[in-house]
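The values are calculated or read from the model by the stated rules, or taken from the named source; none is laboratory data. What you are looking at is a predicted structure, and each value in this text was computed from that prediction instead of being measured. All Cβ positions, glycine included, derive from the backbone under ideal geometry; neighbour counts span all protein chains shown.
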Amino acid sequence: MKLALKLLATVLVALAFGVGSALLAVRSGGLGKAVSSGPWETDLTIGSADADPYIRAQVAVAGLLALNRNETIYFTAARDGDGNRLRSDCSYKVEGYDPPARWWSITLYGEDHYLVSNPLQRYSYGGETVARNEDGSFTIMVGPEETDGNWIPTGQGHSDATFTLTLRLYNPDENAARKPSGIVLPQIAKEACAS
């Protein structure tokens, strides 16, 4: 009887550690072939046959519904250009030119990987919806306080609430699909924080 209880306890501990480490690996990310361009990061295995079970689980948890990498490249920014976490109580300026793709969008997601609720129901801008500057570039303000022009609300976040921005490049040009780290992507600069 003692042997059976010890065996059961050992199996339960091993199972708890196994499930716990798998969940940690899936939630923390960083298991694939990550490349970056400024604050934007992508994983070369997302949407490819090279994706292992952990990468596939990360995609399922984050809700990317990843297409083939030749069709779409997904970049995520969790930090600004200075390397600081994107915080809901801060305002940021996202500036740049159209990335090399047929169509693109920038979308804000909360810590839970869902869209952040806001009264305007404004969650993203894309190549066809963003207002442009005179030189063809665009500026998108991201933050808790409404601004004129392109603005994505971060909600009524507190100082420890964070968010991410996802940049999707649909039908990227051949060079971008081959070497995503060589793409010049929009800059993310912190403007001010409430606290």
- Message: Of everything in the range 91-138, what is of a type in the set (Phe, Trp, Tyr) and in contact (Cβ under 8 Å) with a residue 60 or more places away in the chain? Give them in sequence order.
- Response: Tyr92, Tyr97, Trp103, Trp104
- Message: Yes or no: the range 118-133 includes at least one residue that is in the same structural domain as Asp80 (by TED's automatic domain parsing), touching a Pro at 6+ places or on another chain (Cβ under 7 Å), more than 20 Å from Ala34 (Cα to Cα) and surrounded by 13 or more Cβ atoms within 10 Å (Cβ to Cβ).
- Response: yes
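Surrounded by 16 or more Cβ atoms within 10 Å (Cβ to Cβ), over 18 Å from Trp40 (Cα atoms) and of a type in the set (D, E, K, R), is that true of Asp89? Working first, answer last.
On the way: surrounded by 16 or more Cβ atoms within 10 Å (Cβ to Cβ): yes; over 18 Å from Trp40 (Cα atoms): yes; of a type in the set (D, E, K, R): yes.
Against the criterion (surrounded by 16 or more Cβ atoms within 10 Å (Cβ to Cβ), over 18 Å from Trp40 (Cα atoms) and of a type in the set (D, E, K, R)), Asp89 qualifies.
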- Item | Number of the condition not met by Glu134 [criteria: (1) more than 18 Å from the chain's Cα centre (by Cα); (2) among the acidic types (Asp, Glu); (3) closer than 19 Å to Trp40 by Cβ] | (3)
- Task: Might you let me know whether the range 137-155 holds any residue that is surrounded by fewer than 18 Cβ atoms within 10 Å (Cβ to Cβ), within 29 Å of Glu71 (Cα to Cα), charged (D, E, K, R) and modelled with pLDDT under 95?
- Result: no
- Task: Considering only the range 163-195, state which residues are within 13 Å of Thr42 (Cα to Cα) and of a type in the set (Gly, Ala, Ser).
- Result: Ala176, Ala177, Ser181, Gly182
